[in-house]
Every structure is written in C-alpha cells, then in structure tokens.
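The values are calculated or read from the model by the stated rules, or taken from the named source; none is laboratory data. Owing to the predicted nature of the structure, the values given are computational and were not obtained by experimental measurement. Cβ placement follows ideal geometry from the backbone for every residue including glycine, while neighbour counts extend to all protein chains displayed. Note: areas computed on protein heavy atoms with side chains; ligands, DNA, RNA excluded. Shrake-Rupley method; radii C 1.70, N 1.55, O 1.52, S 1.80 Å.
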Amino acid sequence: MRRRIQGLHEADHSTAGQVRDGLLLVRVERACHRWESRKPFYLLRFSVIEPKELSEHSVSSRLYCTTRALWKLNWFLRDFGYDTELLGRDEIDEKSLVGLCGVVKISHVVVNGASLLNLDGFAPASQWEELSGSSPANVSPSEVAS
C-alpha cells in the first residue's frame, strides 16, 4: 500500500526554476525532517533576500542526513549560525532552524526527468558582500567555504 507524504516533492515545485545557478543570501522559512529508510533528509525552504531582483522568490531543496552526508549538514548548520550548544549535543530542533540566514551556492540538475536544486555550498551571511562581488558562475564551492 502506498502512502502519499505531503511535502515530499515540494522541492520539485518551488520557484527554483526561475532562480539561476549561483550564490543567494537566504533565510530559512521552513525545515522538516523526512524519514526514508535509505536516505533520511531535511526538506528546507529558503526565502531569497539577495540579490534584490530575486527577493520575491523562494527555493526548496533536500539536505540529506545519512552518515556519508553529515559533513554537509554540519557545514550548513555551522555557517547559518545554528545554536552551538544544540549542535554540540548532536541535536537539531527544526523550529530553531527557521529564521537562520546565510549564503548558499545552488545549481540545478535533472534526475529522472525532474529538475532538482542542489545545495553546493554554504557561507555565513556576513560574507555575502564579499562573495556577491564575484560572478556567480565563476565562484567555486571552495570559495563559498572560505
């Protein structure tokens, strides 16, 4: 028997197709943990703050929390200023994620005919001015990490 899980494919229906690949200054609007037996993940919805011409848009993507992907989840939490005490206890409170701001580097990929948004890198919001001076197409993930 199949169960429909509301929000599971929300990442596919965001306005991400209208947002070009590159760097965005964003705020977490919503975070929801989803459990799949092989690949549990957080479904994240971000509202775009900068660049200004995209500030009416939002983007959604998955951030996996498998053993192999925990480094990326930790990178996101650290750079977006997640509570260090909770992080130190390996605890993630979905409500504490809402409102966090930071820089994400996004790219689009087509998987099985669906256009998905990848989160390629993160940086603290305080680095937006420095990072946004570069052409988004020419910024590598290692530059976002600095």
If you go through region 99-119 one residue at a time, how many are over 16 Å from R78 (Cβ atoms) and surrounded by 13 or more Cβ atoms within 10 Å (Cβ to Cβ)?
6
V110 passes all but one of (1) touching a residue at least 12 places away in the same chain (Cβ under 8 Å); (2) part of a strand (DSSP E or B); which number fails?
(1)
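Quick test for you: out of S132, S126, S61, pick the one residue that is closer than 16 Å to L25 by Cα, of a type outside the set (A, V, I, L, M) and free of Cβ contacts under 8 Å to residues at least 12 places away in the same chain.
Working: S132 fails: free of Cβ contacts under 8 Å to residues at least 12 places away in the same chain; S61 fails: free of Cβ contacts under 8 Å to residues at least 12 places away in the same chain.
That would be S126, the only listed residue that is closer than 16 Å to L25 by Cα, of a type outside the set (A, V, I, L, M) and free of Cβ contacts under 8 Å to residues at least 12 places away in the same chain.
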Quick check: is even one residue across region 95-104 among the aliphatic types (A, V, I, L, M) and more than 13 Å from the chain's Cα centre (by Cα)?
no
Considering each residue of region 58-103, count those that are more than 15 Å from C32 (Cα to Cα) and among the basic types (K, R), and give that number.
4
Subset of region 11-44 that is in a helix (DSSP H, G or I) and either modelled with pLDDT of 95 or more or open to solvent by less than 40 Å² (accessible area, probe 1.4 Å) (or both) - its residue that is farthest from Y82 (Cα to Cα):
A16
Just to be sure I understand, how many residues within region 45-72 are more than 20 Å from W128 (Cα to Cα), of a type in the set (A, V, I, L, M) and open to solvent by less than 70 Å² (accessible area, probe 1.4 Å)?
2
Would you be able to tell me the number of residues in region 76-97 that are open to solvent by 100 Å² or more (accessible area, probe 1.4 Å) and in contact with a strand residue (DSSP E or B) (Cβ under 9 Å, 6 or more places away or on another chain)?
2
Of the residues in region 78-91, those that are hydroxyl-bearing (S, T, Y) and assigned to a loop (DSSP other than H, G, I, E, B) come to Y82
Is it the case that region 63-77 has a residue that's part of a strand (DSSP E or B) and modelled with pLDDT of 90 or more?
yes
